[in-house]
Structures are given as structure tokens and as C-alpha cells.
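Below is one structure; the comments refer to it alone.
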Amino acid sequence: MSNPNRPDPERAFFDGRKVVVTGGAGFLGSRIVRRLERQGAEVFAPRKAQYDLTSFESCLKLLQEHPAQIVFHAAALSGGIRVMQQRAGEIFFANAMMALGMMEASRRSGVEKFIAIGSSCAYPGELQGELEEKDLWAGPPHESVATLGVVKRMVQTMGMAYRRQWSFSSIQLILPSLYGPGDTFNFDSAHVASSLIRRCVEAQLESRTFIECWGTGQPVREFLFVEDAADGVLEAADVYNEPIPLNIGTGLRTSIRNLAETIQKLSGFAGEVRWDASKPDGQMVKVLSVKRCRHLLQWRATTPLGAGLGRTIQWYRENKAEADSRP
């Protein structure tokens, strides 16, 4: 069903606009920056050495020195289950301070629209079906990712409060697990897809007979190629302006075991994948409902999982030393 309120797709929404992208050198943020520049935006992506975004004064300074009409907040500190447990305090503090500080600084600085990048970890941990936006508050986030999930809920609450009191335009876009070339492959901070790619590629290169993975492999996840994610974020930034969040995803289910088997095949690793069931699985099912996304946006994810993983594996092989050393 088409959306009668959808603007002309040929309209250059970002052309000539001043835009700040936090996390603009990162995995998703760098793709957002490139697309904005191609569409004629004047983009500034702050670096941590210039602006410590965990400081509100630094957030204000950023927008005073680089006035913006639109702000994309893509900066984040996160990682896999192990990192979320080991660095829970750091992750909570850094993400909360950056997001809340940037939104308040944006309001004070006259920013016209604030786009916050959310995460599926904000959804209730006990939900088993497709995660719909209306269910965001139906229960607490899963304990394995609660530190980040609670922050994303705080940002959503702040956006609704600012809209109510000051008519401040902010939206939150909820994304599933991203993957693709340029991802983090450091075991200390890698997510599941990049971690499995590194394990399989190294095992193949070293002629190992098996690799060992955390959990049972039974949890079901949704994976979105980073280039598709950036396209979806930009279209939603143009079109969407409602107080409740919007899921941006594929809606497709993939078990961690099937993901591992696909990566094993594509990487050429002929050994065994062993599962350590003594380690945590995390939330058992985490897949977004994309009904509203498909109604409101023209965007669709176009990269099949196998093709995206193949491109990622090839990139990793060609850039392994750099990828492994990146924090």
C-alpha cells in the first residue's frame, strides 16, 4: 500500500543543508556521510580528539562552531555479549551522555531535525514474535544488552518530551544487527557476524580442524547489510517525523547456527563448528517487524545475506591486519 503523504522521491531534501553526523567516521556513520555529500549536503563529522561528546559543554561547542540544520546521532559504544557484560558501566555512561547531550545541544542550537540511531536491543527481552514499535515498552530489555537498551529507551523518551514541550523534531530509527565491509573484527568488540567471519577465515588460513562459538547457536537474529541500512536511514530522515520509533530492517529470520554455517561455507573453512552451551545465548528471538517501514518508505533492503556476507569476507581477507587491530 502506498503512502499518500510520501514526498516526491526526486526532491533533494539534503541539498544545501548543513548536517552534523556524530560517529561519522564509523561503520554506519561513514556511509551516511558519503550519501549526504553525494546529495549536496554540507557535512561535518566530529572526531573524538576534537569533541568529547560525553561532555555536554563539548556538544554545545560542536554545534556553535559547526551550526547545523540536521543532526544524525550515530556515535555509539557497543559490542557483543562479552563486551556488554565486561564494560557495562562504560557503555551505559558513554551512550547516555552522548545521546542526551547531543539532543539538548541540538534543541538549544536551533537544529531543525534530530535523527537518533536506535537498536533492536531496546525491545523487551521476553518477546518472541516480530518486534513491533508499539511493543517497545511491553517489558524490560534482555539483561545481556540492558545497558544499551535502556539508553535507547531514554533517548526515545527524551525525544517525545521535547516534542511535547518545545515541538522539537526528533526521530529514532531502530536497526537490527548490521554487518558489512569495514565492520569491527576485534574480538573484544565485534558483533556476531564479524566475529564468526574472523574465526572461520583464520581457521581456514591456519588449517585448523574446528572453531568454538559461544552458546547453542539456536538464537534467531536479523541481519542488515550496512549499505542498505544507510539508504534506509537517509530516506527515513527525509520522510519520517512521528514521535514513536521506526524499525528499519529486513524482517528476515536467521539462526546463529545457520549464520555460522553460511560463513563457514563462504570462507572455505572445512572444519567443525563447536558450540559452547555453557556460554550465554542472549535473547532467543530478535527480529523486527517491518510493516510500518514498508508502508511509509519506498526503501527496501536489496542485499541478500549470502551476497553481503561474501562481500564482507572478501573485504576482510584483503584488509585483515588493519581490521583485526581496529578497536
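Of all beta bridges that DSSP places with both ends in the range 191-302, some 20 percent have antiparallel geometry.
Counting neighbouring Cβ atoms within 10 Å and putting the fewest first, the residues Val201, Val155, Val220 line up as Val220, Val201, Val155. Compute the acute angle (0 to 90°) between the alpha-carbon long axis of helix 305-318 and the principal axis of greatest extent of the alpha-carbon atoms of the chain; round to the nearest 10°. Helix 305-318 sits at roughly 80 degrees to that axis. From largest to smallest, the equivalent ellipsoid semi-axes obtained for the range 231-282 from the alpha-carbon gyration tensor read 36, 16, 8 Å. In plain terms, the C-alpha convex hull of the range 21-113 casts an average shadow of 6.0 nm² when viewed from every direction.
Residues Glu126, Glu104, ranked from the fewest to the most other C-beta atoms within 10 Å, line up as Glu126, Glu104. Each helix, a run of at least 4 DSSP H residues, gives -39500 (n - 2.57); summed and divided by the residues of the chain, these come to -13000 deg cm²/dmol at 222 nm.
Remark: the range 120-271 is approximated by an ellipsoid whose semi-axes, taken from the C-alpha gyration tensor as √(5λ), come to 34, 17, 13 Å, largest first. Given the range 110-164, report the % of alpha carbon pairs whose separation exceeds 15 Å. Of all Cα-Cα distances in the range 110-164, 48 percent exceed 15 Å.
Just so you know, the averaged projected area of the alpha carbon convex hull for the range 241-323 sits at 8.4 nm². When both bridge partners sit in the chain, DSSP labels roughly 10% of those beta bridges antiparallel.
Among Thr312, Thr254, Thr22, Thr157, the ranking by other beta carbons within 10 Å of each residue's beta carbon, starting with the fewest, stands as Thr157, Thr254, Thr312, Thr22.
Taking the square roots of 5 times each eigenvalue of the Cα gyration tensor of the chain, largest first, gives ellipsoid semi-axes of 32, 21, 20 Å. Computed from label points 7 Å out along Cα-Cβ, the spacing between Asp281 and Ala25 is 4.0 nm. The amide H of Val285, built 1.01 Å from its N in the peptide plane, has Val220 as neighbours under 5 Å, considering only residues 5 or more places off or on other chains.
Read the figures in this text as sums done on the coordinates, not as results from a lab. The shown structure was predicted, so the numbers you read here are calculated from the model rather than taken from an experiment. In this analysis, Cβ positions are derived from the backbone assuming ideal geometry, glycine residues included, and neighbour counts consider all displayed protein chains.
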